[in-house]
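Have a look at the structure below before the remarks.
Each value in this text was obtained by applying a stated rule to the coordinates, not by laboratory testing. All of these numbers come straight from a predicted model, not from anything done at the bench. Every residue, glycine among them, receives a Cβ derived from its backbone with ideal geometry; neighbour counts consider all protein chains shown.
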Amino acid sequence: MTKSILLEPIEFGPYRLSNRIVMSPMTRNRSPNELPNALNAEYYAQRATAGLIISESTAISAEGLGWPETPGIFTDAQEAGWKRVTDGVHQRGGRMFLQLWHCGRNSHPLTQPHGQAPIGPSAVQPTGTVRTREGRLPLHVPRELPANEVGRLIDDYRAAARRAMAAGFDGVEVHAANGYLLDQFLKDSSNLRADRYGGAPLNRCRLMIEVVTAVAEIWGAERVGVRLSPVSPSNYQLVDSDPELLMVTALTELSRLGICYVAMVEGSSNAMPATHELDYGRLRKHFTGLYIANNAFTQARAEQALQERRADLISFGRLYIANPDLVRRFTLNAPLNPLNADSIYTSDHRGYTDYPALADEPATAA
């Protein structure tokens, strides 16, 4: 049997990954009081055969939280909780990056420190609702982040990056996708600023570049990645009028910084159609580092993308929820567990750590 290209090792910054299969970052709402816990540690350890695990979105500060029961990396207790997670992954031979997250306007005063308004690039009313401890409530008009507070925000990213290192991660991914703060600065539907952080694509990329530069000062660029989603209308129709120009600008600047990888959400990651059609193979040529393709890949589509050199690695999301041993199943061409969509965001082990691995399943009678 021919070995799948997905199972080939790859040099990845200072590391050699055992395969090209990445576990995508996925919010699962299973960290009560925003603390990583033993259940989280079990979940990630079960999936440690991935070439790389990227953690769920993790708030860099109390201000960065979007809703309850998502983890942070801004307190000693959170750092200790994540250390338990990384220890479990490393004991099983895995590698794990932490995704650094700030929700920006996709939050609520009930979640924010002192009941303040969430921050955003501009005071634009977002549509939709967000989960709070009092149920789902409408989003508020954000407080426009003043230019003189940008330094404080970047310091929060630096502090979170340092804590990620202390917690035993192998690197960090800056979340600049899916409608959260850095993506809000990138997209011209949410960024109406007239200062150096708004207007032309290079200005709208500026905050992301400054954040990545600061994080790379802690980790080294070779252990830093960035997640982007140019055309997925995530979080209440956040869109850009010219996503190709925006991405060419962003990828060119990220190449200049020499970061390890970009993880690209290709197309729409939800039920809404993509805002534009892009040629990701052409976009990929504007980035000199490794390219991780993401969004509803099957094994066959993933192998084709790698063989055509349109990507260097492939990240899988929902397949990894239902299949903790996804690497083994791909190796053996074994059937995949079906996903129970109703339990993706519930609060206990069901639909989280109870999906069976192949060894756990009853043998088929001869």
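Things to note:
- Kirkwood Rh in Å, taken over segment 54-128 so that all alpha-carbon pairs contribute: 13.7
- Likely footprinting exposure, 339, 238, fewest C-beta neighbours within 10 Å first: 339, 238
- Helix 76-91 axis versus longest C-alpha principal axis of the chain: approximately 30°, rounded to the nearest ten.
- Rounded to 10°, Cα long-axis angle of helix 206-219 versus longest principal axis of the chain: 50
- Only one residue of 126, 219, 103 has its Cα farthest out toward the positive end of the dipole of segment 5-360, where Lys and Arg carry +1 and Asp and Glu -1 on Cβ, and that residue is 219.
- Selected from 233, 302, 172, residue furthest toward positive end of dipole (segment 5-360; charges at beta carbon): 302
- Excluding same-chain neighbours fewer than eight residues apart, the aspartates and glutamates reachable from residue 83 by a Cα-Cα span under 12 Å are 170.
- Sorting the segments 95-103, 202-210 by their residues' average number of neighbouring beta-carbon atoms within 10 angstrom, most packed first, yields 95-103, 202-210.
- Antiparallel beta bridges, as assigned by DSSP with both residues in the chain, represent about 15 percent of the total such bridges.
- Angle between the chain longest axis and helix 150-166 axis [Cα atoms, degrees, rounded to 10]: 20
- Here's the list of aspartates and glutamates a cross-link from residue 3 could span, going by alpha-carbon distance under 20 Å and ignoring same-chain residues fewer than 8 apart: 11, 303, 308, 312, 325.
- Put a dot 7 Å past the Cα of residue 340, heading toward its Cβ, do the same for residue 307, and the two dots end up 3.6 nm apart.
- Cα-based Rg of segment 1-154 normalised by 2.2 N^0.38 Å, two decimals: 1.22
- The simple Förster model, with R0 at 35 Å and r as the Cβ-Cβ distance, assigns residue 76 and residue 256 a FRET efficiency of 0.50.
- Helix-derived mean residue ellipticity, 222 nm - over the chain, DSSP H n ≥ 4, -39500 (n - 2.57), to 500: -8500 deg cm²/dmol
- Most tightly packed first, judged by the mean number of other beta-carbon atoms within 10 Å of their residues, the peptides 128-134, 220-226, 240-246, 115-121 read 220-226, 115-121, 240-246, 128-134.
- Over the chain: Kirkwood hydrodynamic radius from C-alpha pairwise inverse distances, Å: 20.6
- Distance between segment 5-39 and segment 140-207 - C-alpha centres, whole angstrom: 23
- Options 157, 288, 72, ranked by Cα towards positive dipole end of the chain, top entry (Cβ charges): 288
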